[in-house]
Structure formats: C-alpha cells, structure tokens
Amino acid sequence: MHAILRRSCAVILLFTATSSPALADATLYIPTIVVTPMYIPTTIERAGSTVTVIDSARIAESGAGSVAELLRTVPGVQVTESGGSGGRALVSLRGAEAQHTLVLIDGVRVNDPASARDEFDFSVFSPTDVERIEILRGPQSALYGSDAIGGVINIITKHPAKGMHGSLTAEAGSYGTRRTTATASGDSGPWSLMASGTYYATDGFSRVGDRDNGEQDSTLKYAGTLRGSYDAGEGRSVSFGLNGYHQDSLIDKSATVDASGYTSARDLIDGFARFTTPSHDGKLVHTLTVFGTSTTRDYVEPTRDTKYRGTNVGFEYQGTLKLGVAGSLLGGLRLERETAHQKVSTSASPAFDGGQTLYAGYLLYQLPVNERLNLSFAGRYDGASRGDGFLTGRFTAVYDMSEIETRIRGSFGSGAKRPTAFQLSYNPALEPETSLGADLGIEKTLLDGRLTVGVTGFWNRFENLINFDGDYLTGTYKNIDSAETAGVEATMTATIVPGVLSGTAAYTYLFSRDLSPGLPLQRRPKHSGALSLAWTGIENVELRATATLVGDSYNDDAATVPLGGWARVDLSARYAINPQLTAFGRIENLFNARYQEATGYNTAGISAYAGLTWRH
C-alpha cells in the first residue's frame, strides 16, 4: 500500500508539472455562495472555516452512484460502508467519530436520536434531486450545537425554478441494479413548486462471506422530495420542504456469519416551513423556521424483532442585522423536543423510552476589518431538561491578497455533544463530550486561474468521550476517553488543456490517538486521497477517470486487527445526444480490487451501469 501511495504522490507532482501550457484567456469569475459556515448566504472567500462545496454540476459529472461515493473525494472525510448498497454507511470528519458529524438536509438536523451514538446512516439517503452538498470541517457547535464536534454536512435539495421543467432518468447495471428518478417543477405568479421521486433496487451480493457465490443481500429504496415557496415581494417569503426515504435490506447476522432470515427496514422523514420578513428598511431580517424529523428502524431476526423510533420537532428564530461598515450581527433562539424509543419483541417493556426538551441561544458577529481581512466571532449556549448545558465558541479569520491571488484562512473553536437517550438509559449521570479544534490554511491561484492549490493544517482534542465500560451484562456507559487528531489536507484543481483536459486532486494525512492507551483510533487511515481527470475534447462528450486511495488502519480500538489499504479506479462517461437527452454510463472498481472498509464486510467488485436522462 505504501508503494501505491508513493506512486500517487508522483502522479500528483507530474499532474502539477503538466499544468503549464500557454495561458488561456481569463474567464468571468462567478463567486461560490455557501450558507453553512455563517448560517446565511456568504461568498466562500469570506468563510474563515474550511468548507468544500460539491455542486450539482460536479454531482452529475462524477457519475457517483451515492452520496457516500461523492464524499470520498473530499479531503478530511472518512467513509466506512459495511456491505455495499443498503449496508450501514458512516462518515467522519478529520478523525472525529461518525457521531460527531452533524448532518443536515435543507438545514434540518437528521441525526438519529434513537441510535446508540446519534449517528446518521448515509445508506438510507438517496440523492433524488441534490443541488449541492456543503462539507464544513472543524468544531461548529458555536452555531449548530450538539453533534457538530467534527463538522457539518449540509445536503441541499434543488429549489423550484422559473418556468415549467421536468426530467426522467432510468439506469440499470451490475448486481441486478435498476433505478428510476422523476422530477417536475413549475411556477405561477409568486408560487413555485417542485417534486421528485426515486425508485432504486439491487439484487446485491453477499455482504459477509463469499461475496460472489454466497447468498445475495438485496436492497430496495424509495425516496421523494417536495419543495415550494411563495414570494410576497419586498423580501417577504414563505418556503417549505418535505423529504422522505424508505429502505428495505437483507442483512447478515454479523461480520462473520452469513445467514438468512435477517432483514432491516429504515425510514426517514424530515420537513420544514420557513417564514422570512424584513424590517427597519431591510436592515433587520427576521426568519422563523418550524422543523421536524422522524427516523424509524426495524431489525428482524429469526427469534426477535427490534424497533427503534426517534423524533425531533421544534422551531428556530433568527434575526440578521446589517451594520454597514461595521459588518453584521446574527442572533438565534432554538427550542425543540427530542424523543427516542426502543422496543424488543421478546420483552414486555421498552429497552428505553425517553425524551428531553432542548433549548439554545447563539450570536454570530461578522466584521470586515478592511478590504482584505474578514473576522467572525460566534458563541452559543445549549441547555436540556435532562443533563447539563454547555457553552461553545468559534473564531474565524480570512485574509485575502487578491493582487497575488492568495488567501489565508484560519479558525479556532470548541465543540460539545450531549449524551444520547440510549446512553442515558444506562447512566443518567453522563456529561457532554467536549472538544477544541483549530486549523490554518492557504489557497493560491496560479497560471491566470488555471491552477489552484490549497493546504490546510488542523488539530483537534476530544475530552470526556463516552464509551462502554465493562461486559455486556454488567457494564455501563462512562465518560472515560480522550483523543487527539491532527493532520494536513491538500487540494488542487487544474485546467491542463483548456477546453479539453482538467483535473482535481485531494490528499489527507491524519494522525490520530486514543490518549489513554496511546493507540491509533479505529479505522483512521494515515493516508487517503483521490485523483480525477476529465476529458471534454469532443463536443457534448465528457469522460472522467477517478482513483480513490486509502491507506492502512486498524479495525479495532486495541489496534490488533489490521485493515488493509486499498486503491480503486472508476470511469464515467456522458454524451449529450441533444439538449433534452443525455446518455451516461460508469464502470466502478475497474481493476476488481478486493478490499474491506470494515473487517468482515464485502465491497462490490468490478461493475458497470448505464442509463438515459431526459429533460424538458
């Protein structure tokens, strides 16, 4: 694996060296707008925190079959998928735990409150109609509260567009996979509405044991979205969104036992209604959001049935005050009710059945010191009816030297995560987990905008981490662990031959330690990265090759079970037959690499998929 990584570094260096033909004419620059770092639309140049945007064009061009595949190419992101499509898919940021990643869909929190660690399982999510994904790394509890210790992933679905639009996509391929997606949108005066739906099914492969000859573990998914808005003019508007996801999967008894009779059903429903109105000649903007999320999981075994149900409902008020040359001030209040329930068919009473009322208040001040320097200061208090509250803070700075096309950004913040209902059912005295984190990065544009490189160093310290102490029958959850992570993220985008060949590269070096025994953290590879080349030398045709590389790690906390590194190459192609019809295809795992992201769980071999998209 080390040889593979050395060759990858050589490819990156060669990639940089070949990016120096005669300079092309500069094109019109359109700034990227992000909402996650500051809660309100902000140009990415003014964001001091590290944020990566995967926009709709990149999603379409990548040919990725899932959101998890898209996230693998982002620096600082670790994806662990257990058994292919329909198996559990967890995402962590900068070496933090998966439960330290707050996941939002259209700004609504969707982490599962009924899970043991309050994680979000990306396997249940179908990218029905995603506009963009924003990945915000580093502690973000000062704006987003609990769970945002490692960062925030905000999945933003498409908004209704002006006019009447529709699309239909059909795809089929390996492992008996088939997918159909339909969308429709329209507007009438101040009203606009958009709806979409997806059907996905695959016969799959054996998640455990003999991948190609064992019992096939199939998956069936349904997903739908509904977005609407009413624009009353003069900055007053109402918008709403509703997303629903259902998944049925055949699973195995464990990572070592391939057995029939085990199934999993999962449902996720989330929605919001948002009201916006200005006052004081537009200097103060008021936003009220009502939101709700429901997650259910049903695990059926030959001898019992275990059901989980979690809900989160509430409202959030935000006021944004424009202060002219003094910047802007954003303040918010949030109130929500969270419930969690587990019931096992072999028991007369629930394993746990609890709820808590949560409340929070926060402030964010953005200060443009001059044309070059932008600062932000944020603080938040989170309280709960069960357990202690906590204070968190964040500071960011970005210094822009436009004359030499260089930008320096940095941030420092604290994070916290309250115990889950499942953990409190064992030990009501648990305290919140806490963290401190910092990063510093530089971004440089060269060759008249044709080459952009960025390097960011980061550090995180985690305290009071909750883990299970003791055996299964007599043990309990305790605040017993501390951990530290540090590393470097590097990115590069290049136009190698204008209009013909372009590429991107990302690399992450990660140092991680459980500070009690001094051992590396579970499933945290030191080295990971991705290389991608896109060729557009023929009109209406795009070819793309992507290599994903992951280094060695350990599958267990004791660092006794090695998890081998791996390298995978994927190919994708798109051909616009006419303005309405596009053909596409992809080959995943071109060289049929055999690897596991969690010991015992298989991954797909070489597989091919093709389809058509019609748009009106």
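The values are calculated or read from the model by the stated rules, or taken from the named source; none is laboratory data. Please read all numbers here as calculations on a predicted model, not as lab measurements. All Cβ positions, even for glycine, are placed from backbone atoms using ideal geometry, and neighbour counts span all protein chains on display. We work out accessible area using only protein heavy atoms, side chains counted, and drop any ligands, DNA or RNA first. Shrake-Rupley method; radii C 1.70, N 1.55, O 1.52, S 1.80 Å.
Observations, loosely collected:
- The relative contact order of the chain comes to 13 percent, based on Cα pairs under 8 Å that sit 6 or more residues apart.
- Computed with every protein chain present, the accessible area of Glu336 is close to 20 Å² [probe 1.4 Å].
- Within region 411-440, backbone nitrogen closer than 14 Å to the virtual label 7 Å beyond the Cα of Leu391 toward Cβ: 414-415
- Gyration tensor verdict on region 515-616 (Cα atoms; rounded if a/c is under 1.5, prolate if a/b is larger than b/c, oblate otherwise): prolate
- Entries of Lys307/Lys478; Lys158/Lys221; Lys307/Lys526; Lys221/Lys526 with Cα pairs more than 31 Å apart: Lys307/Lys526; Lys221/Lys526
- Ranked by how many other beta carbons lie within 10 Å on average, peptides 432-442, 487-497, 472-482, 100-110 from highest: 100-110, 432-442, 487-497, 472-482
- Cβ-derived FRET efficiency at R0 60 Å, Thr277 paired with Leu543, nearest 0.05: 0.80
- Cross-link reach is defined here as a Cα-Cα straight distance under 15 Å, omitting same-chain residues fewer than 8 places apart; for Lys343 the aspartates and glutamates meeting it are Asp298, Glu301, Asp305, Asp353.
- The lysines whose alpha-carbon is closer than 16 Å to the alpha-carbon of Lys283, local same-chain residues fewer than 8 away aside, are Lys322.
- Label zone (Phe377, point 7 Å along Cα-to-C-beta; backbone nitrogen cut-off 16 Å) within region 348-367: 362-367.
- Inter-label distance, nm, simple model (7 Å from Cα along the C-beta direction), Ser345/Ala172: 3.5
- FRET efficiency, Leu321 to Ala116 (Cβ-Cβ, R0 35 Å, nearest 0.05): 0.30
- Working ranking of peptides 280-289, 32-41, 128-137 by packing, defined as the average number of other Cβ atoms within 10 Å per residue, highest first, is 128-137, 32-41, 280-289.
- Annotation: aspartates and glutamates with alpha-carbon distance below 14 angstrom to Lys162 (same-chain offsets under eight excluded): Asp187, Asp231.
- Mean-position separation - Cα centroids, region 379-458 and region 471-497, in angstrom: 13
- Extension gain from Leu335 to Lys526, taking 0.36 nm per residue of separation minus the Cα-Cα distance: 64.8 nm
- Global geometry of the chain, whether rounded, prolate or oblate, following the gyration tensor of its Cα atoms and the 1.5 cut on a/c: rounded
- Dividing the summed -39500 (n - 2.57) terms of all DSSP H runs of n ≥ 4 by the residue count of the chain sets its mean residue ellipticity at 222 nm at -1500 deg cm²/dmol.
- For region 206-322, relative contact order (Cα pairs under 8 Å, six or more residues apart, normalised by length) works out to 20 percent.
- Charge dipole (Cα centre; +1 on Lys/Arg Cβ, -1 on Asp/Glu Cβ; no other charges) of the chain amounts to roughly 560 debye.
- Taking all protein chains together and rolling a 1.4 Å probe, Tyr199 ends up with roughly 80 Å² accessible.
- A Förster distance of 45 Å, applied to the separation of the beta-carbon atoms of Val238 and Glu403, puts the FRET efficiency at 0.55.
- For region 74-136, a/c is less than 1.5, where a ≥ b ≥ c are the root eigenvalues of the C-alpha gyration tensor. That puts it in the rounded class.
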